[in-house]
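Structure record follows, encoded as structure tokens.
The values are calculated or read from the model by the stated rules, or taken from the named source; none is laboratory data. Note that the coordinates shown come from a computational prediction; the quantities given were computed from them, not determined experimentally. Cβ placement follows ideal geometry from the backbone for every residue including glycine, while neighbour counts extend to all protein chains displayed.
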Amino acid sequence: MTDSSVDISGNLRRRLGLPLLVLYGTGITIGAGIYVLIGAVAGHAGPYSVWSFLLAALVMGLTVASYAEMATRYPVSAGEAAYVRAAFDSRLLSTIVGLLTLCTGVVAAGAVTLGSVGYIRQFVDLPPPVIVVAIVVSLGVIAAWGILESVVLAGVFTVIEAGGLAWIILAAIWHMPSFASALVAFPPMNAAALSGITYASLLAFFAFVGFEDLANVVEEARIPHRDIPRAMALTLLITSVLYILIAAISITAVPTDRLTASPAPLSLVFRTVTGMEPMPLNVIAVVATLNTVLAQMTMAARVIYGMSRQGDLPRLLSRVHASTGTPVIATGLAMLSVIALALTFPIERLATGTSVATLATFAMVNLSLLCIRARHVHSVERHVRIPIWVPILGLLTCLTMIGVAIA
């Protein structure tokens, strides 16, 4: 007898509804950002860190809209590669963009793995390489176990990590209402301040990386044309509000030099705002960062799987395990890549590299949508449709931020 829950065709299973998709997207984003990079952002933007997060959110919002249309036009794993192939009919360009997307997920997972080490070492004094390998292998096993199991666990992690941020926000509202002034502090119109804000926005942009991972689990969404765009929009809204509030609280509560130097910056903020020992926040921060590593490895495995199915990578990598319904070989490859990067590069270089690679991918997605619109390409799928000025501005803002990064 055949188990009806096993998809013997080699396709992924549609098991994800809107709540789990929002938890998945939000969890990746929160763990990648505020728990790890608030100190680095403050080091460049200082008291105007809020503006860096706001600028990054605005840039991200334009591309979110473009992704919403493209992901519903072409609801497949390794979506970015599929979008480029549909727009330019170029297998080479499609493969390059797919590999760029894959690199983004793997490098982001490596960066956040390193960020988690700083918090984990508050509890166990093990060498960082040992912690890195233990984290990635454990989460790789979970990612290979099953998409529903991975996303449910990520959902639980998301509730915990968002709860940690809400704890800080509520404590600040009660004990330190002066942080509100940082929300409306306009930066001086001079080159030094604006340059710091702009460069910090590149790091802050990394903090918003995550929504696009939803495009790569579209084959596992129950109602993709409805739920994927909604999940992307809600992910951006939730994380933007949390980031802006936490940035204002952090730069008000802790001197910038101390925030920048700390391997666990939100622990300092938590201690200052609540007057408590930061043990609970450290636990939550570990959960947050592990959540992002799990989600990024899951996404990277889906990109490998999708590119393999499209013929851009060896067919072996598209094999779906009959029992787990997941691409196990692709997941193993993603896991080994994350370990190699996390053991080789420092976190800020990985974060900056992730931002530049992500911006390049986003620029290609916006350009692909413009090309498809210009050619009046018809889609058989039900899809959302956005104003044409959105991908134009999305393309221009992505190219501008890439220029800032390499200048």
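Table for the structure above
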| item | result |
| --- | --- |
| Which listed residue, of A295, A342, is crowded, with 24+ Cβ neighbours inside 10 Å, in contact with a Gly (Cβ under 8 Å, 6 or more places away or on another chain) and modelled with pLDDT under 80 | A295 |
| Residues that are farther than 18 Å from A342 by Cα and not aromatic (F, W, Y), drawn from segment 102-124 | Q122, V124 |
| Selection status of A185, small (G, A, S), under 16 Å from Y35 (Cβ atoms) and surrounded by fewer than 23 Cβ atoms within 10 Å (Cβ to Cβ) | no |
| First in segment 238-251 and on the phi < 0 side of the Ramachandran plot, second anywhere and surrounded by 24 or more Cβ atoms within 10 Å (Cβ to Cβ) and among the small types (G, A, S), Cβ under 7 Å, 6 or more apart | Y243/G33; Y243/A207; A247/S49; I249/A172; S250/A42; I251/A42; I251/S49 |
| Long-range neighbours under 6 Å by Cβ, at least six apart or interchain, first residue among the basic types (K, R) within segment 85-96, second surrounded by 19 or more Cβ atoms within 10 Å (Cβ to Cβ) and in a helix (DSSP H, G or I) | R85/S94 |
| Close pairs from segment 53-64: first more than 14 Å from L393 (Cα to Cα), partner of a type in the set (S, T, Y) and part of a helix (DSSP H, G or I), Cβ under 9 Å, at least 6 apart | F53/S201; F53/S240; F53/Y243; L54/S201; L54/S240; L54/Y243 |
| Any pair with Cβ under 8 angstrom, 6 or more apart, that starts in segment 301-321 at a residue that is free of Cβ contacts under 8 Å to residues at least 40 places away in the same chain and surrounded by fewer than 15 Cβ atoms within 10 Å (Cβ to Cβ) and ends at one that is in a helix (DSSP H, G or I) and hydroxyl-bearing (S, T, Y) | P314/S308; R315/S308; L316/S308 |
| Residue among T289, T331, T272 that is of a type in the set (S, T, Y) and either in contact with a Ser or Thr (Cβ under 7 Å, 6 or more places away or on another chain) or closer than 29 Å to T397 by Cα (or both) | T289 |
| Looking only at segment 1-25, and only at residues there that are surrounded by 18 or more Cβ atoms within 10 Å (Cβ to Cβ) and at pLDDT 85 or above, the one that is farthest from Y305 (Cα to Cα) | V22 |
| Options D125, D89: the member that is over 20 Å from F205 (Cβ atoms), of a type in the set (D, E) and at pLDDT 85 or above | D89 |
| Segment 361-397, subset among the small types (G, A, S) and under 16 Å from F88 (Cα atoms), residue modelled with the lowest pLDDT | S379 |
| Residue check for V241: among the β-branched types (V, I, T) and surrounded by fewer than 21 Cβ atoms within 10 Å (Cβ to Cβ) | yes |
| Search result, residues across segment 265-283 that are of a type in the set (A, V, I, L, M, F, W, C), surrounded by fewer than 24 Cβ atoms within 10 Å (Cβ to Cβ) and either assigned to a helix (DSSP H, G or I) or in contact (Cβ under 8 Å) with a residue 60 or more places away in the chain (or both) | L268, M279, V283 |
| Options V218, V209: the member that is part of a loop (DSSP other than H, G, I, E, B) and either touching a Pro at 6+ places or on another chain (Cβ under 7 Å) or aliphatic (A, V, I, L, M) (or both) | V209 |
| Helices (runs of 4 or more DSSP H) contained entirely in segment 75-166, each with at least 2 residues that are surrounded by 18 or more Cβ atoms within 10 Å (Cβ to Cβ) and among the charged types (D, E, K, R) | 79-88 |
| Hey, V328 in contact (Cβ under 8 Å) with a residue 40 or more places away in the chain, more than 30 Å from L202 (Cβ to Cβ) and in contact with a His (Cβ under 8 Å, 6 or more places away or on another chain) or not | yes |
| Only listed residue being loosely packed, with under 15 Cβ neighbours inside 10 Å and touching a residue at least 24 places away in the same chain (Cβ under 8 Å), chosen from S201, S178 | S178 |
